[in-house]
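S.K.: Supplied in structure tokens, the structure appears directly below.
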Amino acid sequence: MSGEHDQDRREDAPAGHAALRSQVACAVLGLVIEKPSHGYEIGLRFESRFGGFLSAGRSAIYAALSSLSDAEFIEKMPGRSPTGARRGAKAGASYRATPIGARAYRGLLAERVRNDPQRVEMLGRMALAGVLSVEAALDFLDRYEQECLQDAKDLSPEDHRDEAGAEPFAGVFARLLVDERRRMISAQMDWISYARAELRALSHPAPEDTS
């Protein structure tokens with residue numbers, strides 16, 4: 001039972017896992033989810049997808065693969081690679097994502113979107129790599145929603161009023177900053193509801209009117 005709890009913690013708090021503290025490792029995990037590949041091919045796809053945002057040499061790619069493998073987010077594939085190279089050949093072993101890795105990746109994206117909403121293009125490219133179905137996208141939205149709800153719950157401005165009940169400038173400004181964050185969370189929650197409805201409609205399209 002304790003092993004199951006450890007696994008749940010690993011999936012539910014992905015940013016706290018050492019393997020996902022590196023943006024390079026996060027991007028590599030998304031690429032492996034998108035398509036099982038060997039290290040050299042992952043390096044080429046990394047440069048094509050993220051080269052304008054992240055810089056990583058071959059050693060960094062293989063270090064990311066190693067840390068993701070140690071975390072059981074990816075695993076080596078037996079036999080030939082998708083490109084036909086045998087294991088042990090120049091191309092090296094091919095990797096595929098595990099279910100734990102896919103769930104952790106979606107949780108990571110949800111947390112990153114909440115904490116860094118300005119980096120939309122970078123996060124969008126990561127999402128397109130690792131969120132490959134309506135079901136996965138809905139799971140991402142559920143995780144994003146939980147992040148927003150937790151963020152709202154944690155908002156608790158200090159009371160700066162004096163004995164007479166007056167609120168000094170510092171208190172007013174602190175309260176306004178908290179209110180700004182609450183309004184942002186409210187907008188994020190509205191978007192989540194909208195996106196969820198759009199995805200569900202995509203999954204279950206309305207029947208055509210034959211009248």
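S.K.: When you scan segment 63-80, how many residues do you find that are touching a helix residue (DSSP H, G or I) at 6+ places or on another chain (Cβ under 7 Å), on the phi < 0 side of the Ramachandran plot and in a loop (DSSP other than H, G, I, E, B)?
M.R.: Qualifying residue count, segment 63-80: 2.
S.K.: Could you identify the single residue in Ile42, Ile33 that is at pLDDT 90 or above, β-branched (Val, Ile, Thr) and under 13 Å from the mean Cα position of the chain (by Cα)?
M.R.: One residue alone meets the criteria, Ile33.
S.K.: Out of the residues in segment 123-132 that are touching an Asp or Glu at 6+ places or on another chain (Cβ under 9 Å) and assigned to a helix (DSSP H, G or I), which is modelled with the lowest pLDDT?
M.R.: Leu123
S.K.: Of all residues in segment 42-62, how many are in contact (Cβ under 8 Å) with a residue 24 or more places away in the chain, assigned to a helix (DSSP H, G or I) and surrounded by fewer than 21 Cβ atoms within 10 Å (Cβ to Cβ)?
M.R.: 2
S.K.: Looking at (1) hydroxyl-bearing (Ser, Thr, Tyr); (2) modelled with pLDDT of 85 or more; (3) surrounded by fewer than 17 Cβ atoms within 10 Å (Cβ to Cβ), can you tell me which one Tyr95 breaks?
M.R.: (3)
S.K.: Sticking with this structure for a sec: Quickly run through segment 100-122 and pick out the residues that are at pLDDT below 70, aliphatic (A, V, I, L, M) and surrounded by 17 or more Cβ atoms within 10 Å (Cβ to Cβ).
M.R.: Within segment 100-122, Val113, Met122 qualify.
S.K.: Check Pro78, Pro14, Pro82 and return the single one that is modelled with pLDDT under 90 and over 20 Å from Leu132 (Cα atoms).
M.R.: Step by step, each of Pro78, Pro14, Pro82 is checked, and only Pro78 is modelled with pLDDT under 90 and over 20 Å from Leu132 (Cα atoms).
S.K.: Continuing with this model, one more query. Let me confirm something: among Glu145, Glu135, which residue is closer than 21 Å to Gly107 by Cβ and at pLDDT 90 or above?
M.R.: After applying the criteria, what remains is Glu145.
The values are calculated or read from the model by the stated rules, or taken from the named source; none is laboratory data. What you see is a predicted model; the values in this text were computed from it and never measured. Here the Cβ is made from the backbone with ideal geometry for all residues, glycine too, and neighbour counts use every protein chain on show.
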